[in-house]
Amino acid sequence: MNEVLSRDLYLKYPKIFLNDEQTAKGDSQVFCSLDIGDGWYDIIDQLCGCIQNHLDWKNAEGRYEGSKKHRSEEELKNSVPQVKAEQVKEKFASLRFYHTGGDNTIDGMVSMAEAISERTCETCGAPGKRTSGGWMRTLCKKHADEAGRQFDDVEEEDL
């Protein structure tokens, strides 16, 4: 992903992408690079937004009955560890979002984002299909033609 889009995601989701210790010292050290095409920006943006909203809701003080100054046993029991992205890349023409933290809900979000990427052009974000001709890639018709790639078992009318 290009530097401008990557920086945008790092700034929007510092809890997911930035090293807490370094950030506290004023140095924004990134946990992982985004080794994917620009076309998957919206998928990562939506995924991270959903993840952080879920975490903020699950971990909010006072969400359950009890003191707002101290977290109740119920709140502590239901809290979810902060997600930290460890690696974001393309593998076998699909997005891979490796992380620590989270819960089953977040695992489902990640699985859904990975599935969406299999139908989204890595280059531009348009509807796409898996192509062959070297490394497998997911591309729209325009970018497949430009790269001289063929679609795997897909009729061109499907795009």
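Restricting attention to strands (runs of 3 or more DSSP E) lying wholly within the range 82-158, give those where 2 or more residues are closer than 25 Å to LEU18 by Cβ and touching a helix residue (DSSP H, G or I) at 6+ places or on another chain (Cβ under 6 Å).
The strands (runs of 3 or more DSSP E) meeting that bar are 94-100.
State which residue pairs qualify: first residue without any contact (Cβ under 8 Å) to a residue 24 or more places away in the chain and inside the range 128-152, second residue part of a loop (DSSP other than H, G, I, E, B) and acidic (Asp, Glu) in any location, beta carbons under 7 Å apart, and separation of 6 or more residues or different chains.
SER132/ASP152; LEU139/GLU122
Which of the following residues is more than 13 Å from the chain's Cα centre (by Cα) and at pLDDT below 90: GLY128, GLY133?
Answer to the selection: GLY133.
Could you tell me which residue of the range 113-126 is farthest from ILE43 (Cα to Cα), considering only residues that are surrounded by 14 or more Cβ atoms within 10 Å (Cβ to Cβ) and of a type in the set (A, V, I, L, M)?
Looking at residues that are surrounded by 14 or more Cβ atoms within 10 Å (Cβ to Cβ) and of a type in the set (A, V, I, L, M), I get ALA126.
The values are calculated or read from the model by the stated rules, or taken from the named source; none is laboratory data. Note that the structure is a prediction, hence the values are computed from the model and not measured. Quick reminder, even Gly has a Cβ in these numbers, built from the backbone with ideal geometry, and neighbours come from all protein chains shown.
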